[in-house]
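FYI, it's all coordinate maths here, none of it is from the lab. Because the structure is a prediction, the values reported are computed rather than measured. Note that we place each Cβ from the backbone using ideal geometry, even for glycine, and neighbour counts take in every protein chain shown.
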Amino acid sequence: MHKTELSVGNLHWILQILHNIEVGLVVFDRDYKVEVWNGFMENHSGISSVAARDKDLFKLLPTLPKSWFEYKTDAVLKLGIQAHCNWQQEAHSLFFDNVRPFTAQSEFMFQNITLFPLYSTEKKVERVCALIYDVSEEANNLLQLQSISRTDALSQLFNRGYWQESFEQEFARCRRYGDSASVILLDIDHFKPVNDNYGHQAGDKAIQLIADIIKENQRETDICGRYGGEEFAITLPKTSLDEAEMVAERLRQQIEKTPLEFTEGNKKQSIQLTVSLGVAEFSSSFPNADEWLQQADNALYSAKKSGRNKVVAK
């Protein structure tokens, strides 16, 4: 009897804990009608617990992927098991604002979600509890590490390893769906004399200048990387040979018109850079991605052989 009185007497602070914990807590029935909506959910959704009660969960959270969430919940209801979803599967299941705007990379909160069954006194699963964890800090740390691992430090383009991996994925996509795509290889003309005559700092600035111009002209779907030394590579999805050739020519002209300016000692220097570019379009006849890249490399060789500062498309 004393234990029952303690349990009832302490119910008010147990509810306070559940309301104030830094974890989202939602309880809903088989029809997705909300019965519990804690303070975390109030703060991040802008909907009070009173307003949320007995409302349809998907109307309260219109960004929640319905079919995906129903699939997860169905397993909980039928099998009486827990279901988990981490941010790497559904990064922003609920599009709540990120509460760390000065440090986070994403404007939305990354979440992990756990669903578990709530049994009635008859041992039937009548309700489901969803716990929503804010994992933005961990997710952003991992994304930052991933970005560092695939980025060339000097040019801030993708490094060769990541670019090559993405290029091979594009090759596979083109083979599967029959899409068009092209690749550009770009090489700085007479780069060694820049290093020899003005030092490696001037060479680094040359690479950064070319990279900046590439980024200025980059479309959202393009994949741009530093392939090695003074050579760059650009994958252009859904782009014909003629279109890619125009992109390459635009890069060539802009680079030719943009002087490399730097200070050597107390003296200001200005160097005119030029580049050679080779362009190749995807063909279903290529047995692998290396053959496609080799076609672009052959075109680049032709551009350099025929006088440099040129675009050759094959």
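General observations
- One quarter of the convex hull surface built on the alpha carbon atoms of region 162-211 amounts to 4.5 nm², the projected area averaged over directions.
- Full-stretch length increase - THR263, GLN88 - with 0.36 nm per residue and alpha-carbon distance subtracted: 58.4 nm
- The calculated pair-distance distribution of region 200-263 uses every alpha carbon pair, bins of 10 angstrom beginning at 0, and gives 20, 51, 24, 5, 0 percent.
- Rounded to the nearest whole Hz, the Karplus-based 3J(HN,Hα) values (6.51 cos²θ - 1.76 cosθ + 1.60, θ = phi - 60°) of region 251-258 follow the sequence 4, 4, 5, 5, 5, 5, 8, 10, with x at glycine and proline.
- Per-residue [θ]222 nm for the chain (sum of -39500 (n - 2.57) over DSSP H runs n ≥ 4, rounded to 500): -13500 deg cm²/dmol
- A simple spin-label model places pseudo-atoms 7 Å from Cα toward Cβ; at SER306 and GLU243 they are separated by 2.4 nm.
- Using the Karplus relation 6.51 cos²θ - 1.76 cosθ + 1.60 with θ = phi - 60°, the per-residue 3J(HN,Hα) values for region 280-285 come to 9, 9, 4, 9, 5, 6 Hz, with x marking Gly and Pro.
- For region 156-161, 3J(HN,Hα) per residue [Karplus equation, 6.51 cos²θ - 1.76 cosθ + 1.60, θ = phi - 60°, Hz, x = Gly/Pro]: 6, 9, 4, 7, 4, x
- Charge dipole magnitude, Cβ of K and R +1, D and E -1 - the chain, Cα centre, debye nearest 20: 160
- Relative contact order for the chain, counting Cα pairs under 8 Å that sit 6 or more residues apart, in percent: 13
- Amide H to amide H distances under 5 Å link ASN38 with LEU25, where only residues 5 or more positions off or on other chains count and H is placed in the peptide plane.
- Cα convex hull of region 176-286, projected area averaged across orientations, nm²: 7.5
- Correct choice for semi-axes √(5λ) of the Cα gyration tensor in Å that was computed from the model, options (i) 26, 25, 19; (ii) 58, 24, 14; (iii) 45, 22, 18: (ii)
- GluC sites (Glu not before Pro), loop per DSSP, at most 14 other Cβ atoms within 10 Å - longest free stretch of the chain: 123-219
- With neighbours defined as other Cβ atoms within 10 Å of a residue's Cβ, the residues SER149, SER67 order from fewest to most as SER67, SER149.
- Ordering GLN294, GLN254, ILE184 by the projection of their Cα atoms onto the charge dipole of the chain, which places +1 on the Cβ of Lys and Arg and -1 on the Cβ of Asp and Glu, puts GLN294 at the extreme positive end.
- Under 5 Å from the amide H of ARG127 lie the amide H atoms of LEU118, each residue being 5 or more positions distant or on a separate chain, with H modelled from the backbone and absent for Pro and chain starts.
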